[in-house]
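Structure first, commentary second.
The values are calculated or read from the model by the stated rules, or taken from the named source; none is laboratory data. Every value quoted in this text rests on a predicted model; they were computed, and no experiment measured them. Neighbour counts run over all protein chains shown; Cβ positions are idealised from the backbone, glycine included. Note: areas computed on protein heavy atoms with side chains; ligands, DNA, RNA excluded. Shrake-Rupley method; radii C 1.70, N 1.55, O 1.52, S 1.80 Å.
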Amino acid sequence: MSGANAVREDRLWQRHADMAKLGGTPKGGVNRQALSPEDAAARNLLASWAKARGFSIFTDMIGNLFVRREGSEPAALPVLSGSHMDSQPTGGRFDGMYGVLAAFEALEALEDAGVTTRRPVMAVAWSNEEGSRFQPGAMGSAVFAGRNKLEDMLAVKDWDGMALSDALADTMKAAPAPMREGNPGFPLDSYVEVHIEQGPRLENERKIIGVVTGIQGSRRYIVHTEGEEAHAGTTPRANRKDAFAAATRIAAAMYEATADADDTLRFTIGRVEVHPGSPNTVPGKASFTIDMRHPQDVVLEAHEKKLLDIVAARAAPCIARIDRVTAVAPTDFDRRVIDLVRAKADTLKLSNMDMPSGAGHDAMHIAKLCPAGMIFVPCERGVSHNESENATPADLAAGARVLVEVLVELANR
Ligand code: GLV
Ligand code: MN
Ligand code: MN
């Protein structure tokens, strides 16, 4: 039996159902934010499955969780596949989790089929990919790749002021795994990440496999405005320094400045905070987040300048500043990995198309370390970052089959 034939659709689907219970929401989605008790539960479940199959597990200092199936040459550089198990606050069951479970299914399929590979094949659940609780996202892979410093990330606080170091310590206590210290960016041979598309193209074009060519660039910011608290009933408009009014002026100008006739530039304000948050006090402070994306870095750069100008021009009589949280340049995946994914999809007679990724993925950081690529499968109506996110068992299994074939080829090079 080949590895791909040993992929079991029922097992892969059941594992999604089991994981969906951890942080499961009444609307059928998940709230399993990074380094929460639900995240720890998912880590424990994955580790228990790995142990039952005799695979070794370990974690690194930022909480990335690895599962390893040995090859015939233990010293050969490993081939790695995975994604993330943390979710958005109103997330779906497949975003990230599919990539982890597909990688794990690949290890199990190789085991069941008795396939020996030259290189070790590893699965990974990267820590804090979503960045909804602790910014920036794709944090575990960024630390692994040496892009972000571990100490800086440990100091990051969530929206309630909890330090990531504390949340990570709690998670490691609740989901213990052998820890590997030091620079975790040990050499890799190659990396392949499987994910639902999170957009409508595959479904619209009736294709099963997306051969991912790259990832668009993205930048995140926080805008802070500061005015003066005042009585809502007595303070004349001319005497107000309303921090929320300043934030809305700035936001409105930004929406206008980022409007794009071909809808390529993506601009989102996803979180707004107003202080002190009392109905009858004029707000003294406000802040909002910005997520901006485009396939070309020069376009992001030009629009960043516009955002800065708007903050400077529209704040009065308040004061305002904009902080850049992260900037990730567009990623081009490795030509050989792209070609290999397409060739394996063709061999398995799975309809496919080349496409870029609009969403960010851990692969964008790992692509700086080694040849990397991605495999997409369709999701219903292209809906993602939503509790109703859905995909079919058959498509999920198809993506895992392509993954197995790709991994075997890479692991025997
Ligand atoms: C990942 O979830 C992203 O925001 O692209
Ligand atoms: Mn994801
Ligand atoms: Mn996501």
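When both bridge partners sit in the chain, DSSP labels roughly 70% of those beta bridges antiparallel. Its relative contact order, with pairs defined as Cα atoms under 8 Å and 6+ residues apart, puts the chain at 24 percent. Here the calculated FRET efficiency for residue 263 and residue 336, from their Cβ-Cβ distance with R0 = 51 Å, stands at 0.95, rounded to the nearest 0.05. Pairing the Cα long axis of helix 164-174 with the longest principal axis of the chain, what angle in degrees results, from 0 to 90 and rounded to the nearest 10? Orientation of helix 164-174: about 40 degrees from the principal axis.
Taking amide H atoms as placed 1.01 Å from N in the peptide plane, the amide H of residue 386 lies under 5 Å from those of 92, each 5 or more residues away in sequence or on another chain.
What separates the Cα centres of the stretch 98-140 and the stretch 171-231 is a distance of 13 Å.
With the alpha-carbon atoms as the only input, what is the per residue convex hull volume for the stretch 149-247 in Å³?
Details: hull volume 27.2 nm³, N = 99.
About 275 Å³ per residue, rounded to a whole number.
The charge dipole of the chain, taken about the Cα centre with unit charges on the Cβ atoms of Lys, Arg (+1) and Asp, Glu (-1), comes to about 140 debye, rounded to the nearest 20.
Measuring max minus min along each principal axis, the C-alpha atoms of the chain give extents of 79, 47, 39 Å (largest first). Rounded to the nearest 10 degrees, what's the angle between the helix 243-257 long axis and the longest principal axis of the chain, both from Cα atoms, 0 to 90? Approximately 60 degrees, to the nearest 10. Since only 400, 275, 359 are under comparison, the one whose Cα sits farthest along the positive direction of the charge dipole of the stretch 274-413, derived from C-beta charges on Lys, Arg, Asp and Glu, is 275. For the stretch 13-127, the orientation-averaged shadow of the C-alpha convex hull comes to 6.9 nm² (one quarter of the hull surface).
Distance between the C-alpha centers of the stretch 350-413 and the stretch 1-62? Whole Å please. So the two Cα centres are separated by 17 Å. In plain terms, the bigger the Kirkwood radius, the slower the diffusion; for the stretch 287-413, with that radius from Cα pairs, at 10 °C and 1.306 mPa s, Stokes-Einstein puts D at 89 µm²/s.
Against the main long axis of the alpha-carbon atoms of the chain, helix 393-411 sits at an angle near 70°. The calculated pair-distance distribution of the stretch 181-339 uses every alpha carbon pair, bins of 5 angstrom beginning at 0, and gives 2, 8, 14, 14, 13, 12, 10, 9, 7, 5, 3, 2, 1, 0 percent. Heavy-atom accessible surface of the chain, averaged per residue, reaches 41 Å², computed with a 1.4 Å probe.
Between 250, 139, 330, the Cα set farthest toward the positive side of the dipole of the chain (charges on each charged residue's Cβ, about the Cα centre) is that of 250.
Volume per residue, Å³, of the convex hull around the alpha-carbon atoms of the stretch 18-57? Residue-normalised Cα hull volume stands at 58 Å³. Take every Cα-Cα distance within the stretch 87-214, group them into 10 Å bins from 0 onward, and report for each bin the whole-number percent of pairs it holds. For the stretch 87-214, the binned pair fractions read 10, 32, 37, 18, 4 percent. Within the stretch 2-71, the proportion of C-alpha pairs whose separation exceeds 13 Å stands at 72%.
Computed in the context of the full set of protein chains, the accessible area of the chain at 1.4 Å probe radius has 50% of its extent on carbon or sulfur.
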